[in-house]
Amino acid sequence: MSWALVLTAPAGELELLAARLFDHGALGVELQEPEQALMPGTPPLPPGAGRCIAHFAEREAAADSARDLGRTEAPLEVAEEDWSVSWRKHHRPLRVGPRSWVQPPWEDAPAAAGEARVLIDPGMAFGTGSHPTTALCLERLDELLAELPGADVLDVGTGSGILALLAVKLGAGRVCGTENDPVALDAARRGAELNGIPAGRIAWALADPDELPGAAYRIVVANILLNTLVELAPRIARKVERCGRLVLSGLLPPQAGEAEAAYAAQGLVPAGRAERDGWVRVELARE
């Protein structure tokens, strides 16, 4: 017998909530994100919200976690089942670009010769590639590195490090991932180790883009929320080198114009948009 704590939260807070549940002793956490296809019979998500399902061995541990997080939801008894294996059926290999896949550690993607596979442990809680904004960024990063082989890549707000990891697998030059959350940065380092990427190949930085040493980057990707994108516009834009590309996501379609304008004001030129499942990617170039 095991126990589950089912908590809803705004979409932007899901990964942090999952990390806190792990800190409180959860043995595993499943994320159900907005726009995600849910299994038949699963209750629909409230508009703009997602769901964390945290598994605990003991009811008391689940109840203590809820109380410590200021939540009132009661733990639910889970039918006898090896949930530590059965939950894996929700996480399968996913093609994310013309030459790239994201996969869990326990199932190999059917990748062709020359295609890249990034291993992401869903238990890390900081992004698995399934959310439309992440998928949009992964897809464009793959395309840009085909157009600009060996380009330097900066991933602002790296989370699980999935974009930085893919950049290395696709042969990028310098690769840097920045974060303002040390827990996320630790998860990214573990992800690099899981993928067999040597320490030091990716520069992980608990810093703002402006605080990074060295030259600007040919490709800069920032998959974060609108307010942060606008606030950081001068600092992020300065890290895009001449003839470089900037890829932005974490945006709803009505927000795309505001994000684009913030970076156009820094001298970048709009270079395209793409939309998927109610989210949008904006691209700009420095001429």
Please go through the stretch 141-192 and pick out each residue that is modelled with pLDDT of 95 or more and polar (S, T, N, Q). Thr178
Which ones in the stretch 161-176 are outside any helix (DSSP H, G or I), open to solvent by less than 20 Å² (accessible area, probe 1.4 Å) and within 17 Å of Asp142 (Cβ to Cβ)? Gly161, Ala172, Val175
What pairs come out if I take residues in the stretch 59-73 that are without any contact (Cβ under 8 Å) to a residue 60 or more places away in the chain and among the basic types (Lys, Arg) and pair them with residues that are in a loop (DSSP other than H, G, I, E, B) and open to solvent by less than 60 Å² (accessible area, probe 1.4 Å) whose C-beta lies under 8 Å away, six or more apart or interchain? Arg59/Pro75
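Residue by residue, here is whether (1) free of Cβ contacts under 8 Å to residues at least 60 places away in the same chain; (2) in a helix (DSSP H, G or I); (3) more than 17 Å from the chain's Cα centre (by Cα) holds:
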{"position": "Ala205", "(1), (2), (3)": "yes, no, no"}
{"position": "Arg218", "(1), (2), (3)": "no, no, yes"}
{"position": "Leu229", "(1), (2), (3)": "yes, yes, no"}
{"position": "Arg242", "(1), (2), (3)": "yes, no, yes"}
{"position": "Gly250", "(1), (2), (3)": "no, no, no"}
{"position": "Ala259", "(1), (2), (3)": "yes, yes, yes"}
{"position": "Gly267", "(1), (2), (3)": "yes, no, yes"}
{"position": "Ala274", "(1), (2), (3)": "no, no, yes"}
Can you tell me which residue within the stretch 189-203, out of those that are of a type in the set (A, V, I, L, M) and without any contact (Cβ under 8 Å) to a residue 40 or more places away in the chain, is nearest to Arg286 (Cα to Cα)? Ala203
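The values are calculated or read from the model by the stated rules, or taken from the named source; none is laboratory data. Just so we're clear, the structure is a prediction, and the values are computed from it rather than from any experiment. Heads up, the Cβs are rebuilt from the backbone with ideal geometry, glycines too, and the neighbour counts pull from every protein chain shown. Note: accessible area is taken over every heavy atom of the protein model, side chains too, but ligands, DNA and RNA are not part of it. Shrake-Rupley method; radii C 1.70, N 1.55, O 1.52, S 1.80 Å.
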